[in-house]
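Just below is one structure, and these are the notes that go with it.
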Amino acid sequence: MDMIRPVETPVNPHVTISGVSKTFRTRKGEVHALSDIDLTIRRGEFISILGPSGCGKSTLLMLLSGLVPSSRGMIKVDEKSIAGPNSDIGIVFQQDVLLEWRSALENILIQAEIRKADMGAARERAKQLLKMVSLQDFENAYPNELSGGMRQRVSICRALLHKPPLLLMDEPFGALDAMTRDQLQLDLLRLCRDNDMTVFFITHSIQEAIFLSDRVVVMSPRPGRVERIVDIDLPRPRRLAMREEAKFNHYTHEITDIFKGLGVFREEV
Ligand SMILES: Nc1ncnc2c1ncn2[C@@H]1O[C@H](COP(=O)(O)OP(=O)(O)OP(=O)(O)O)[C@@H](O)[C@H]1O
Ligand SMILES: [Mg+2]
């Protein structure tokens, strides 16, 4: 395995992560979650993070959000070091966190209320976002009247209401069935194209990472390190049929082999 990583000279960096490590101190001792992460995310890029459970993916997302401090190293967003919660981001988690007593539209508007934004403009944008994800007829529906996929669409709309230049997503489609997941991937790509965003996307699915991304970051088991970055040279817009193409399969094999090399997948011999 080559030990020398090429030095990246990215065009227009949006996020720069340099020498970042994170150690949690618990009652049982220290947990080294992340070790020496170097990663530059380009403006407008869709980057996915793939890695085994417990390798520190969610921790890295929390460091980017500014909600959790790193133990070592530096993270810069727009050339500025992160010091405290970053309000210029949107976050979507695996489980939607919708308030059951508020309609879909009112759930999205929470984002504007917290920011004390112009509510008239926010309402217009919220409706526009609902339309973009085909939920225009459900703005007055309550979360318990929505399917899992619809609920997650509402969460995405809420994360995008304030037009964040950076969207952080932690396995947002992990709890959805395969067909809903396919549709939401397509919805997300359309939203990204229309909203000029940089996306940091965590997933356990190799195929999902390839389908969505410009680059896939493959992480090693804990303490998480960047093992390899795979450039995904597939045209956009992405089409579902691309998943059957030889080039797509080539990427799937390449990434699977990296995980086999790391002992993440063990096959019978
Ligand atoms: N607040 C915390 N306090 C103590 N340890 C933590 C904390 N958050 C995460 N960890 C530990 O850090 C390691 C990485 O956790 P993290 O949640 O980032 O993994 P992950 O890659 O997101 O896993 P998964 O794929 O299962 O979601 C784990 O060993 C976890 O126990
Ligand atoms: Mg996680």
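Worth a mention:
- Under the condition of being polar (S, T, N, Q) and closer than 21 Å to Ser35 by Cα, the residues counted in the range 68-107 number 3.
- The set of residues from the range 157-200 being in contact with a Pro (Cβ under 7 Å, 6 or more places away or on another chain) and either over 20 Å from Ser87 (Cβ atoms) or of a type in the set (Val, Ile, Thr) (or both) comprises Leu189, Thr198.
- Considering the conditions (1) under 16 Å from the mean Cα position of the chain (by Cα); (2) away from ligand 2 (no atom under 13 Å from the Cβ); (3) part of a loop (DSSP other than H, G, I, E, B), Gly90 is excluded by exactly one of them, (3).
- Meets criteria (β-branched (Val, Ile, Thr), in contact (Cβ under 8 Å) with a residue 12 or more places away in the chain and away from ligand 1 (no atom under 16 Å from the Cβ)) for Thr59: no
- Taking the range 48-76 as the range and being surrounded by 21 or more Cβ atoms within 10 Å (Cβ to Cβ) and away from ligand 2 (no atom under 16 Å from the Cβ) as the test, the residues that pass are Ser70, Ile75.
- Qualifying residue in the range 221-238 (condition: touching a strand residue (DSSP E or B) at 6+ places or on another chain (Cβ under 8 Å), in a helix (DSSP H, G or I) and closer than 26 Å to Ser70 by Cα): no
A quick yes/no check of all residues on (1) in a helix (DSSP H, G or I); (2) in contact (Cβ under 8 Å) with a residue 60 or more places away in the chain; (3) charged (D, E, K, R):
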{"position": "Leu167", "(1), (2), (3)": "no, yes, no"}
{"position": "Pro172", "(1), (2), (3)": "no, yes, no"}
{"position": "Thr180", "(1), (2), (3)": "yes, no, no"}
{"position": "Asp187", "(1), (2), (3)": "yes, no, yes"}
{"position": "Val199", "(1), (2), (3)": "no, yes, no"}
{"position": "Val218", "(1), (2), (3)": "no, yes, no"}
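- Selection status of Gly44, among the small types (Gly, Ala, Ser), within 15 Å of ligand 1 (Cβ to nearest atom) and either surrounded by fewer than 19 Cβ atoms within 10 Å (Cβ to Cβ) or not assigned by TED's automatic domain parsing to the domain that holds Ser147 (or both): no
- Some residue of the range 188-198 being modelled with pLDDT of 95 or more, within 11 Å of the chain's Cα centre (by Cα) and not acidic (Asp, Glu): yes
- Some residue of the range 148-161 being in contact (Cβ under 8 Å) with a residue 40 or more places away in the chain, part of a loop (DSSP other than H, G, I, E, B) and away from ligand 1 (no atom under 16 Å from the Cβ): yes
- Val97 meets the stated requirement of being of a type in the set (A, V, I, L, M), within 16 Å of ligand 2 (Cβ to nearest atom) and modelled with pLDDT under 95.
The values are calculated or read from the model by the stated rules, or taken from the named source; none is laboratory data. Nothing here was measured: the structure is a model prediction, and the numbers come from that model. Cβ atoms come from the backbone with ideal geometry, glycine included; neighbour counts cover every protein chain shown.
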